[in-house]
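**Q** Below: one structure in structure tokens.
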């Protein structure tokens with residue numbers, strides 16, 4: 001009997017406890033919340049000189065492998081050697097070289113792949129900068145006029161953390177033009193072409209392979225312009241070239257129906273075909289290729305122009321006293337607003353398929369902001385030195401916000 005009574009009591013306790021739990025309010029899980037993800041960028045400025053930058057808030061700059069220094073993101077500073085920048089995106093920066101003649105190179109993020117186009121390997125070195133804390137290793141593929149070159153020493157090039165390594169291209173390639181494909185098997189690098197010591201200053205930044213290239217902009221005063229094309233595929237490719245001059249869109253003489261052999265690099269002289277007009281070059285192929293335009297103005301250094309992404313918002317900090325070249329690759333005119341530093345906005349119409357010039361005021365560093373109702377490209381040509389300063393996209397790329405949810409079980 002006692003066992004039966006104890007069983008009933010236990011059952012009553014369990015039922016009572018279960019009934020009591022129905023009055024407890026369940027712990028609510030907080031709703032998910034959308035947050036803006038950090039938008040930071042890291043760039044390498046590949047030469048010594050005056051670094052000009054446009055951005056928001058502060059940035060840090062440091063010699064490769066050195067201690068960082070904090071500065072305003074919009075401003076300038078002197079660099080005694082290549083430097084690494086870190087700041088909030090978007091950040092547009094470039095370095096006006098301290099050598100003679102004066103050069104300009106856009107600062108860029110390290111990458112695992114790059115392509116560089118070389119007119120004369122005898123006067124050019126490949127600079128490989130490892131700004132990371134881990135070791136990098138790269139392989140070089142060299143594509144000459146007659147096909148792929150297979151020199152000793154082009155594979156497994158090791159670059160220690162915080163180190164810049166120079167590679168003499170004259171040893172790897174006997175003559176130009178040459179396309180140099182840089183592939184990192186470990187880590188990443190910033191790859192740049194620089195002059196051999198003792199030669200006049202030159203610098204050229206890496207490009208990307210793509211099926212379409214929009215390359216701004218050959219200055220009106222240019223004395224020479226050569227288009228370099230490299231084909232990293234195993235198939236012959238047909239390449240089309242168009243020019244956006246001040247008078248409109250056309251196919252330059254000598255640049256129609258270009259047949260680009262597999263694994264090779266060719267040069268096309270555009271000097272006479274551009275008729276002395278400020279011109280942006282459009283290149284199209286059925287498979288990704290590398291493309292660049294080499295131009296020279298007066299006694300200035302050769303400027304290597306590479307493709308830029310068309311955008312409705314562009315910006316840069318540039319030496320003054322030049323021409324802002326606005327090129328509209330679209331099929332309809334673009335309404336453009338140009339602002340130099342704190343000056344009133346200038347309203348400009350950029351005709352479809354053409355290039356328009358706007359005078360840039362004097363100054364050691366002039367801030368240029370461009371807003372258009374269509375995607376365009378732009379560059380500043382400084383005839384006194386021959387440098388060409390490309391504008392870059394100056395807006396944050398849209399992205400889905402991150403989603404966070406608080407777990408109430410965590411303590």
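**Q** Using label points projected 7 Å from each Cα along Cα→Cβ, tell me how many nm separate residue 267 and residue 122, to one decimal.
**A** Using points 7 Å along Cα→Cβ, the separation is 1.1 nm.
**Q** Turning to a different aspect of this structure: Can you give me the angle between helix 2-21 and the longest principal axis of the chain, using Cα atoms only, in degrees from 0 to 90, rounded to the nearest 10?
**A** Approximately 40 degrees, to the nearest 10.
**Q** If you don't mind, there's one more thing I want to ask. In a solvent-free Debye calculation with one equal scatterer on each Cα, what is log10 I(q)/I(0) for the range 210-393 at q = 0.12, 0.15 Å⁻¹, listed in the order of the q values?
**A** Computed log10 I(q)/I(0) values: -0.53, -0.81.
**Q** Please compute the volume of the convex hull spanned by the alpha-carbon atoms of the range 278-354 and report it per residue in Å³.
**A** In the range 278-354, the Cα convex hull volume per residue is 127 Å³.
**Q** Continuing with this model, one more query. How big is the range 39-108 along each principal axis, measuring the range of its Cα positions in Å and listing the largest first?
**A** Here the spans come out as 36, 22, 17 Å, largest first.
**Q** Right, something else. Can you give the Kirkwood hydrodynamic radius of the range 139-282 from its Cα pairs, in Å with one decimal?
**A** Roughly 17.1 Å, rounded to one decimal.
**Q** Starting at 0 and stepping by 10 Å, how many percent of the alpha carbon pairs of the range 114-169 end up in each bin?
**A** Per 10 Å bin, starting at 0, the Cα pair percentages come out as 21, 52, 24, 4.
**Q** Turning to a different aspect of this structure: Taking a temperature of 20 °C and a viscosity of 1.002 mPa s, what whole-number D in µm²/s does Stokes-Einstein yield for the range 28-154 with Rh from Kirkwood over alpha carbon pairs?
**A** 125 µm²/s
**Q** Specify the residue with the greatest mean-square fluctuation among 370, 44, 163, computed from a Gaussian network of the chain linking alpha-carbon atoms under 10 Å apart.
**A** Its mean-square fluctuation being the largest, the pick is 163.
**Q** Can you give the Kirkwood hydrodynamic radius of the chain from its Cα pairs, in Å with one decimal?
**A** It works out to 23.4 Å.
**Q** Let me ask something else about it. If you scale each eigenvalue of the Cα gyration tensor by 5 and take the root, what three semi-axes come out for the range 308-392, rounded to whole angstrom and sorted largest first?
**A** Working through the eigenvalues yields semi-axes of 20, 13, 11 Å.
**Q** With n ≥ 4 as the cut-off for DSSP H runs, can you work out [θ] at 222 nm for the chain, using -39500 (n - 2.57) per run divided by the number of residues, rounded to the nearest 500?
**A** Computed ellipticity for the chain at 222 nm equals -2000 deg cm²/dmol.
**Q** Have a look at 199, 72, 188 and tell me which one the Gaussian network model of the chain (Cα, springs below 10 Å) gives the largest fluctuation.
**A** 199
**Q** Separate question: Ratio of alpha-carbon Rg to the 2.2 N^0.38 Å globular estimate for the range 110-206, to two decimals, please.
**A** 1.00
Readers should treat all values here as calculations from the given coordinates under stated rules, not as data from a laboratory. Please read these numbers as outputs of a predicted model, since none were measured by experiment. Don't worry about glycine lacking a Cβ; one is built from the backbone with ideal geometry, like all the others, and counts go over all protein chains shown.
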